[in-house]
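Okay, structure first, notes after.
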Amino acid sequence: MALILVIDDDPDVLDVIKVALESAGHEVLVAPDGQQGVKMYRARPADLIITDLFMPGQEGLETIKQLRIEFPEVSIIAISGRPTGGTMLSVAKHLGAKAILQKPFLPAELLKAVEEAL
């Protein structure tokens, strides 16, 4: 299937997303923040990136902007669990995210968004 890079500072969220994606046959790489995620993508470009918007260090919108400048064709799904995340998810969509998901989301919702983004 696809190689997917997941960027999130919450290890529990990373685990849930990783299990869901791997159960659907995808290979998954994980990064704890935007800076690590960009480095990992440069070293091994993934078919899709799923990134949280609120993280320490380099946050998600900055990560999306940087990736879209360096790799204009990259497919990105933005996720957020913050109450104010809806507005930020709209901004992420404007910056080029192919899909947006508000946490908590069901594995089926994630897999549908991944399928559409790929």
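The values are calculated or read from the model by the stated rules, or taken from the named source; none is laboratory data. Small disclaimer: the values here were computed from a predicted structure and weren't measured. As a convention, Cβ positions derive from the backbone with ideal geometry for all residues, glycine included, and neighbour counts pool all protein chains shown.
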Whichever residue in the stretch 78-92 is under 12 Å from the mean Cα position of the chain (by Cα) and either in a helix (DSSP H, G or I) or surrounded by fewer than 18 Cβ atoms within 10 Å (Cβ to Cβ) (or both) and, among such residues, is modelled with the highest pLDDT:
A92
Those residues that are hydrophobic (A, V, I, L, M, F, W, C) and either within 12 Å of the chain's Cα centre (by Cα) or crowded, with 16+ Cβ neighbours inside 10 Å (or both), I need them from the stretch 96-110; list them, please.
A97, A99, I100, L101, F105, L110
Pairs, first free of Cβ contacts under 8 Å to residues at least 24 places away in the same chain in the stretch 1-24, second small (G, A, S), C-beta under 9 Å, six or more apart
L14/A31
